[in-house]
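Here is the structure we will look at, set down as structure tokens.
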Amino acid sequence: MKIDRLIGILSILLQQEQVTAPYLAERFEVSRRTINRDIDALCRAGIPVATRQGRDGGISIMEGYRIDRTLLTSSELQSILSGLRSLDSVSGTNRYAQLMDKLAAGSSEVMAAGEYLLIDLSSWYRESLAPKIEMLRAAIEGRQSVSFDYISPKGESGRVVEPYYLIFQWANWYVWGWCRERKDFRMFKLNRLSGLVLNEDRFQRREVPLPDLSAEKIFPAGLQAKIRFTPDCLWRIIEEFGRDSFVEEPDGNLLFTFGFADKDHLITWLLTFGDRAELLEPEGLRRQIAGIGQALAEKYEEG
């Protein structure tokens, strides 16, 4: 697109003393005539671009305009470029890499030093996730509603949503938008939706409240649990909940105390530890887990 090319040319001119039209034409894969038209467009937009003919000629921005070349330091630009690079890990395109090249054009210092921070936002579901993200991007930019089937703990239902934000949080991707069925703003986990369709209708933008992404809001600790783990569970407890979630007992066992959103979440998580974990509180849940264990034993004995 022309606007992308103009931004790219301006970025290069801000970072290099002088460039030639053939260099820009090769860089953006267009003709020299197109570059000349772009330079004229920049001049009409009020950017003081100067051109010099001859052996040492070229294109540059007038020196007075370039005293403050950028409001970003090299370190700040490196952070921006790392973030842009990471978005290609889930988009399935190289759109952000191209934008990164435009921003970093002519700055060898940034490109050389910017490789120490690598961010990959992809997941196990990358192949199915990337098309969803791209379709939702198009829906948000075009203000088009989307339809999909959504699976929640309460079952599966069809939804029509006016999307406003794509959110990466808690190692997962979500879409935040107005749900026409619930007549309220809702957040949907992309891995749980299927049959995503971009509808033809366009919606009027609403006053959009930002979602409350605090852990207390999304995962309210309605159930306090006390669990004793064997010492070999140390690495996992630290990885998932941190060192402040437990105390080490004299025999080496770990006494873990934490709040969970509900008993189903707690039981499912606890069973992944097998016999290396013992639920101490709440007492009522101990009996329920004992019942699950007995049912599992009977099922596998029958098998």
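Within region 24-37, residues that are touching a residue at least 40 places away in the same chain (Cβ under 8 Å) reach partners that are assigned to a helix (DSSP H, G or I) and hydrophobic (A, V, I, L, M, F, W, C) with beta carbons closer than 8 Å, at six or more positions or on different chains, in the pairs R27/I12. Counted as qualifying within region 154-236 are the strands (runs of 3 or more DSSP E) with 1 or more residues that are assigned by TED's automatic domain parsing to the domain that holds F256 and under 30 Å from G252 (Cβ atoms), namely 223-229. If the condition is being assigned to a helix (DSSP H, G or I), farther than 16 Å from G58 by Cβ and free of Cβ contacts under 8 Å to residues at least 40 places away in the same chain, then region 1-23 contributes K2, I3, R5, L6. Residues of region 226-252 that are within 22 Å of H265 (Cβ to Cβ), among the charged types (D, E, K, R) and in contact (Cβ under 8 Å) with a residue 40 or more places away in the chain: K226, R228. If the condition is being outside any helix (DSSP H, G or I) and under 40 Å from the mean Cα position of the chain (by Cα), then region 282-303 contributes only P282. When the residues of region 204-236 are filtered to those that are at pLDDT below 95 and of a type in the set (V, I, T), the one that is nearest to P282 (Cα to Cα) is I218.
Set side by side, the residues E301, E239, E278 differ, and just one is surrounded by 13 or more Cβ atoms within 10 Å (Cβ to Cβ), acidic (D, E) and on the phi < 0 side of the Ramachandran plot, which is E278. The single residue among L223, L213, L270, L279 that is closer than 30 Å to R137 by Cα and either in contact (Cβ under 8 Å) with a residue 40 or more places away in the chain or under 26 Å from the mean Cα position of the chain (by Cα) (or both) turns out to be L213.
The values are calculated or read from the model by the stated rules, or taken from the named source; none is laboratory data. Being a predicted model, the structure only gives us computed values, none of them experimental. Don't worry about glycine lacking a Cβ; one is built from the backbone with ideal geometry, like all the others, and counts go over all protein chains shown.
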